[in-house]
Each structure stands twice: as structure tokens, then as C-alpha cells.
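Nothing in this text is a laboratory measurement; each read-out follows from the coordinates by a stated rule. What you are looking at is a predicted structure, and each value in this text was computed from that prediction instead of being measured. Cβ coordinates were reconstructed from backbone atoms using ideal geometry, including for glycine residues, and neighbour counts include every protein chain displayed.
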């Protein structure tokens, strides 16, 4: 038993290192001069703050950051809102065709985004939403993952709470927001962290939809830095990557204690 724990601990440390070592190197490289990066030194010879000054003065990093923040925040808010109504409908209400609707909602898992990008782009262009942040936000609202996790969590909530609320005269909206939602916080936070991270890191769809650099999100903007005419090199690019990582890291640190419970209850 002791040997098993040691092996699992070593494996865990190894997996953590795979993720943390590149992040540590990126953070240190953002404070290095170009010669230190090219020579492969881990610790900067001299802490070099000009990398951050360069990206904020010579690139549109602030604009891209706000575009990503707006897209991730409102996209996640829409996903949670739509997901709550859909999950409550298929998990707590009884009506003909409920299981079929649930199956149709989950069928989105089987459709890769690449398969619908062209018709989706043409639709948004006809609606005047190409090169518009709404074109990134609105298509994110229907989420099979959100419906699945929230519905599975809601199924575990005892019916007695709902019955007491009905006896007190509560309607469906009151039951959802006053009873079910407060008890589903771990699942809601799980969906929030997952989708906020996914929307923040999304690269392909913003690259296709956005045509002007003022509308770029951070992932797209960071890629353009390497080939831009402002001659930005490795140090500033690493600094830009650090800036891009901060919201995701903060989100995970604040909400990580809810993630395990949310996933465990959602997968029952």
C-alpha cells in the first residue's frame, strides 16, 4: 500500500512538472534580455522589465485583452443562463419529448466545430456580425457540456426541496432560482471555469471571424506579434503570454475547490 502511494505521488509530481515547468520558464523569460533567452539561461542575468513596456506601448495588447475579457465574460454568462434553463427543463420537469430534447442537446458533442464553421460564418456575415464581438459571444451560448453537467447535478437534488417550494406557492422560475440554483453552485462554477477558459483561449474561430486587428482577441493578437512590423522578439512575446495567462490562473485559483465536487456530482 505504501509503495502504491509513493508511485502515485511520483506520477502526480511528474504530471504537474509537465505543466508547470513551461509556465515557470515563460514567466522567467518575460523578465530576460534577448541574449539570456537565446543562451538558454533559466535565471535572468538582470531582471529586464522593458519587455512589458514594449508590449503595452508598441502592440495593442490592452485592446486585445479587453476583447478577450468581454468575449469570455459575456459568452460564459450566456452559456450559464441557457444551460440552467435547459438543464432544469430536462432534469426536473415532466413533459412529452423531454428525453428526446435531452438527447438532441447532447448530440452537440458529436458535431465538431470545424464541421459547421463555414455555414456559421455565412450566417453571421449575413446578420452583420462578422468582425464583431457578438459573433464570438452568441454562438457560444448553446453548450452540450453545460447542459450535461448541470442536468446531472440537478438530478441529484432531492425532490422534497422542490415539493416544499410548490406547497408554498412557488412557480417554476422561483423554484429554479431560489431552490435549484443555490444548490447547484459547484456545477455552475465548474461550467463557468471550463467555458471561461475555453473562450479565453479560443484561437481558430476568432481568427476566421475577425478581419481587423482592433477586433482580435488575445490568442490571435499574440500570434500576429511574431510576424508584425514592430519587431517584437522572444522576451516581449513571453511577457504578452504571461499577461494572457493571468485571468485563467486567477479564475482557477479562486474556484478550483469547487471543480472536483462539480465534476464528481455531474458524472454520477
Report summary line: So, for the Cα atoms of the range 14-146, Rg and Dmax in Å stand at 22.3, 69
**Report entry** Per-bin percent of Cα-Cα distances, the range 173-221 [10 Å]
**Finding:** 24, 30, 20, 21, 5
Query raised in the report: If each of residue 213 and residue 94 carries a label point 7 Å out from its Cα toward its Cβ, how far apart are those two points in nm?
Result: 6.2
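List 194, 148 from most exposed to least, where exposure is judged by having the fewest other Cβ atoms within 10 Å. Show your work: numbers first, answer last.
Numbers: 194 19, 148 22.
By the 10 Å Cβ count, ascending, the order reads 194, 148.
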Query raised in the report: To the nearest 10 degrees, how steeply does helix 113-126 sit against the main Cα axis of the chain, on a 0 to 90 scale?
Result: 90
Report task. Based on other C-beta atoms within 10 Å, arrange 100, 175 from fewest to most. Result -> 100, 175
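Do me a favour and compute the ellipsoid semi-axes for the chain from its Cα gyration tensor, root of five times each eigenvalue, largest one first, whole Å.
Equivalent-ellipsoid dimensions as semi-axes: 40, 26, 16 Å.
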Report task. Would you mind ranking 150, 133 so that the residue whose beta carbon has the fewest other beta carbons within 10 Å leads the list? Result -> 133, 150
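Please give the FRET efficiency for residue 19 paired with residue 250, using the beta carbon to beta carbon distance and R0 = 25 Å, rounded to the nearest 0.05. Walk me through the numbers on the way to the answer.
Working: r = 17 Å, r/R0 = 0.67.
Efficiency at R0 = 25 Å is approximately 0.90.
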**Report entry** Label-point separation in nm, residue 11 to residue 42, each point 7 Å along Cα→Cβ
**Finding:** 2.6
Requested in this report: Sum -39500 (n - 2.57) across every DSSP H segment of at least 4 residues in the chain, then divide by the residue count to get the 222 nm mean residue ellipticity, nearest 500.
Outcome: -23000 deg cm²/dmol
**Report entry** Rg/Rh (Cα only; Kirkwood hydrodynamic radius) as it applies to the range 1-48
**Finding:** 1.28
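If I stretch the segment between residue 111 and residue 123 completely, what's the gain in nm (0.36 nm per residue apart, minus their alpha carbon distance), one decimal? Provide the component values of the computation, followed by the final result.
Working: separation 12, 0.36 × 12 = 4.32 nm, distance 1.76 nm.
Between residue 111 and residue 123, full extension yields 2.6 nm more.
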